[in-house]
1. Which condition number in (1) in contact (Cβ under 8 Å) with a residue 60 or more places away in the chain; (2) open to solvent by less than 40 Å² (accessible area, probe 1.4 Å) is the one that B:Asn217 fails?
2. Would a scan of the range A:45-52 turn up a residue that is modelled with pLDDT under 90, open to solvent by 20 Å² or more (accessible area, probe 1.4 Å) and either within 7 Å of chain B (Cβ to nearest Cβ) or assigned to a loop (DSSP other than H, G, I, E, B) (or both)?
3. Out of B:Leu17, B:Leu73, B:Leu24, report the one residue that is under 29 Å from B:Val201 (Cα atoms), within 10 Å of another protein chain (Cβ to nearest Cβ), open to solvent by 70 Å² or more (accessible area, probe 1.4 Å) and part of a helix (DSSP H, G or I).
4. Which condition number in (1) open to solvent by 10 Å² or more (accessible area, probe 1.4 Å); (2) at the interface with another protein chain (Cβ under 8 Å from one of its Cβ atoms); (3) assigned to a helix (DSSP H, G or I) is the one that B:Val65 fails?
5. Residues being over 28 Å from B:Arg101 (Cβ atoms), open to solvent by less than 30 Å² (accessible area, probe 1.4 Å) and under 20 Å from the mean Cα position of the chain (by Cα): count how many of those fall in the range B:121-172.
6. Quick check: anything in the range A:55-75 more than 24 Å from B:Gly86 (Cβ to Cβ), surrounded by 17 or more Cβ atoms within 10 Å (Cβ to Cβ) and within 13 Å of chain B (Cβ to nearest Cβ)?
7. Suppose we filter A:Met140, A:Met109 for residues that are within 17 Å of the chain's Cα centre (by Cα), within 19 Å of A:Val200 (Cα to Cα) and modelled with pLDDT under 85; which single one remains?
8. Restricting attention to helices (runs of 4 or more DSSP H) lying wholly within the range A:56-158, give those where 1 or more residues are free of Cβ contacts under 8 Å to residues at least 60 places away in the same chain and over 28 Å from B:Leu205 (Cα atoms).
Amino acid sequence: MSKIKFQRKFLAIPYGIFLVLFVIIPMVLIVVYAFSNTDPVTNKTTFSFDNLTTFFSNSYNLHTFLISLAIGLGNTLICLIIGYPIAYILAKKEYKFNYIIVLLFIMPMWINFVLRTAATRDLLFAMGLSGGEHPYISTMIGMVYNYLPFTILPLYTTMLKMDKSLIEASMDLGANKVQTFTKTIIPMTLPGIISASSMVFMPTMSSYVISDVMGERQISLIGNIIQLYFDQGLWNLGSFVALILLVIILGFMIATRNMEKEDNVRGGLW
Amino acid sequence: MVKKIFAKGFIYLMLLLMYAPIILLIIFSFVEFDHIDFRQLVSGENINFNLYKELFTGEDGETVVQAFKNTLLVAVVSAMVSTILGTFAAIGMYYSGKKMRKAYEIGGQIPILNPEIITALSLTILFVFVGIQFNFITLLIGHVVLTIPFVVLSILPKLKQMDNNIYEAALDLGAKPSKALTKIIIPQIMPGILSGFILAVTLSLDDYIITAFTRNNSFVTLSTYVYGVTSKRGAIPPTLRALTTIIVVVTLIVLLIINFTSGKKPMKKRGTRV
């Protein structure tokens, strides 16, 4: 029998196996666990909708879910409002050293984000804003502080590629500044806006670290529920909550699938 | 002109805000006090280098330094695994058929799109399902899942820019495929491999959630240590302020070196394309 001839495409096989073992199978397990239950006495696993009813019949969970949605949307909006003009100014060619400034906006990432968040809390506290007394305000500040770089980067990359002559054309053809902004600039930067939103919204909803540290554990987000179930070893319920998040992500992807996205946003750091 | 000054002012103000907490840590690394208090700064008492001394000799410092070493260990080892596996993956994907490549791409997109907590929970369930005890290997797997898609994404564009004929020429001239690979392909995509590695280290250093879920609880990293203390309303351990200052200074030096040695490549291009 002849030896199988070396082909370069074989080099990806270990990666494929790795993805199946540690990405695909765990995802399948989440779905399986979300719709099954293990009897603690007989140790038998059966298909059931128990997790669904348990989750939705708990008003605390629903409350947490709504608060997470609100904080996620609020943070996405604030980050876009602050990040958009920053990216726009930086993407203009007329300033020197803009690349370095973009790097500077990202550099805080090299200090672990838990430490950064705790430092933000201490700064606010030293200035008189206590996380214990104003958990929502300080949590929002912590969120914006943490996710702003993720907003600026995709917006910046889209704006660099933007065809600036279209803006001039719009002005020449009689559109005023507001019209030019809403009809020309916003549509052209839509891919960046979508990527930025997807980088901010889900992580905000599902992370529990920032709200725990900034709000002194007075605010619960979806991440807190998952973490709580994790601590108690309630894998089935935890999986069900994760599945809800997965469905939201899937919905977002389907809703935006026809729009061109700015891919590799985190990879664009370097 | 006024508009320009306004725009610049806005950028610098935002930068200042972004860096304020870090600057705060740096300033108070020279103030020996258990929490951050501006009155200490005004009074001028306790301003000294004792926190740095404590970091390297004190009991509290020992925990912090150990946590830092653990963090670095995970970051470097997982980034190395990701880079090696990811480099082969990118080369293999580039030469795979359209369908296979798409399959790899979708698989790699999953950890990128998922919030970290889902990746963390799904891995935990896998380990529980199989019955593996949480240890250094499970933690490592978690970090490789987190970082490897980004390594692949850093390398693929470099492969597209590569001149394919050189590899064929090497084979025609009698080189074995393995030699052609290491002598021809790898050198051409080296910048992508390097940036992938640095990106992997960065993501791993910054991580908390995956670490918290997949580690053995006796293994303390910087992020788990800080979360443990500060989520219970505790102040940041003072020696950490000294450590942060050292990290910032080292990072700045590394950045400057990278900037000066990267030659005449146009800056903007590096920022937007990997």
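The values are calculated or read from the model by the stated rules, or taken from the named source; none is laboratory data. Worth saying up front: this structure is predicted, and the values here are computed from it rather than measured. Reconstructed Cβ throughout: ideal geometry from the backbone, glycine too, with neighbour counts over all protein chains shown. Quick note on the areas: whole protein, heavy atoms, side chains included, nothing else; ligands and nucleic acids left out. Shrake-Rupley method; radii C 1.70, N 1.55, O 1.52, S 1.80 Å.
1. That leaves (2) as the condition not met.
2. The first filter runs over the range A:45-52 and keeps only residues modelled with pLDDT under 90, leaving A:45-52.
Pick out the ones that are also open to solvent by 20 Å² or more (accessible area, probe 1.4 Å) and you get A:45-47, A:49-50, A:52.
Of the ones still in play, those that are also either within 7 Å of chain B (Cβ to nearest Cβ) or assigned to a loop (DSSP other than H, G, I, E, B) (or both) are A:49.
For the range A:45-52, residues modelled with pLDDT under 90, open to solvent by 20 Å² or more (accessible area, probe 1.4 Å) and either within 7 Å of chain B (Cβ to nearest Cβ) or assigned to a loop (DSSP other than H, G, I, E, B) (or both): present.
3. Residue meeting the stated conditions: B:Leu17.
4. Among (1) open to solvent by 10 Å² or more (accessible area, probe 1.4 Å); (2) at the interface with another protein chain (Cβ under 8 Å from one of its Cβ atoms); (3) assigned to a helix (DSSP H, G or I), B:Val65 violates only (2).
5. Of the range B:121-172, the ones over 28 Å from B:Arg101 (Cβ atoms) are B:121, B:124-125, B:127-139.
Next cut, open to solvent by less than 30 Å² (accessible area, probe 1.4 Å) only: B:121, B:124-125, B:127, B:138-139.
Those still in the list that are under 20 Å from the mean Cα position of the chain (by Cα) too: B:138-139.
Number of matching residues: 2.
6. Within the range A:55-75, one or more residues are more than 24 Å from B:Gly86 (Cβ to Cβ), surrounded by 17 or more Cβ atoms within 10 Å (Cβ to Cβ) and within 13 Å of chain B (Cβ to nearest Cβ).
7. A:Met109
8. On the way: elements: A:59-91, A:98-106, A:113-126.
Answer list for the range A:56-158: A:59-91.
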